[in-house]
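Each remark here refers to the structure printed beneath this line.
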Amino acid sequence: MNNWNQNNIRQLQLPAPDDTDPHPRLLLDGYGIHAGQSFSALMPDGWHDITLEVGWDTTGPGCWYISTPGYAHICPVGLFVKV
């Protein structure tokens, strides 16, 4: 049986189409997140605490990355996180 409290889990989403900033904020539950925010994210092997950052050399949603060691190769867009 699934023991998730689904009311407390949300998905990181692409920025709003009208966000024209070169480093647009990802959306979580309709609100833009900030660089340096940490979340508990669902990874293939379970829940892990991660921190999201922005790379200034890249523009668009691809500027976001996970700065937590061991997770830099995973794109944060689409991850499920606890809120």
Fill in: Per residue accessible area in Å² of the chain, where ligands, DNA and RNA are left out and the probe is 1.4 Å
64
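Leaving out ligands, DNA and RNA, and with a 1.4 Å probe, what % of the accessible surface on the chain is carbon or sulfur?
Details: 2770 of 5320 Å².
Carbon-and-sulfur percentage of accessible area, whole number: 52.
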Discussion item. So for the chain, averaging the separation of alpha carbon pairs under 8 Å that are six or more residues apart and normalising by length, what relative contact order in percent results?
Written reply: 33
Response to the item:
Calc'd 3J(HN,Hα), the range 42-49, phi into Karplus 6.51 cos²θ - 1.76 cosθ + 1.60 (θ = phi - 60°), Hz, glycine/Pro = x, comes to 7, 10, x, 9, x, 7, 9, 7
Discussion item. Can you list residues from other chains, or at least 5 along the same chain, whose modelled amide H is less than 5 Å from the amide H of Gln37?
Written reply: Leu52
Fill in: Along principal axes, Cα extents of the chain, largest first, whole Å
43, 28, 17
Worksheet, complete the sentence: Given a Förster distance of 25 Å, the FRET efficiency implied by the Cβ-Cβ spacing of Asp21 and Lys82, rounded to the nearest 0.05, works out to 0.40
Discussion item. 5 Å is the cut-off here: which amide hydrogens, built 1.01 Å from N in the peptide plane, fall below it relative to Gly55, excluding neighbours closer than 5 in sequence?
Written reply: Trp64, Tyr65
Fill in: Derived scalar couplings ³J(HN,Hα) [the range 7-24; Karplus, 6.51 cos²θ - 1.76 cosθ + 1.60; whole Hz; x for Gly, Pro]
6, 10, 10, 10, 10, 5, 10, 4, x, 4, x, 8, 7, 8, 4, x, 10, x
Response to the item:
Once phi for every residue in the range 58-75 is put through the Karplus expression 6.51 cos²θ - 1.76 cosθ + 1.60 (θ = phi - 60°), the whole-Hz ³J(HN,Hα) values, with Gly and Pro written as x, are 10, 10, x, x, x, 6, 7, 8, 8, 8, 5, x, x, 10, 4, 7, 9, 6
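Under a Cβ-only charge scheme (Lys and Arg +1, Asp and Glu -1), can you give me the dipole magnitude of the range 1-72 about the Cα centre, in debye to the nearest 20?
Values: 2 positive and 8 negative charges, 35 e Å.
That gives a dipole near 160 debye.
Give, as a single signed number, the net charge of other residues whose beta carbon lies under 12 Å from the beta carbon of Ser67, with Lys and Arg counted +1 and Asp and Glu -1. Display every interim value, and only then the final one.
On the way: positive: none; negative: Asp49, Glu53.
Local net charge: -2.
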Item to complete: Mind listing the long-range amide H neighbours of Ile9? Cut-off is under 5 Å, sequence gap 5 or more, other chains count too, H placed in the peptide plane at 1.01 Å from N.
Response: Val83
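The values are calculated or read from the model by the stated rules, or taken from the named source; none is laboratory data. These figures come from a predicted structure and were not determined experimentally. Positions of Cβ are generated from backbone atoms using ideal geometry, with glycine treated the same way; all protein chains shown enter the neighbour counts. For accessibility, only protein heavy atoms count, side chains too; no ligands or nucleic acids. Shrake-Rupley method; radii C 1.70, N 1.55, O 1.52, S 1.80 Å.
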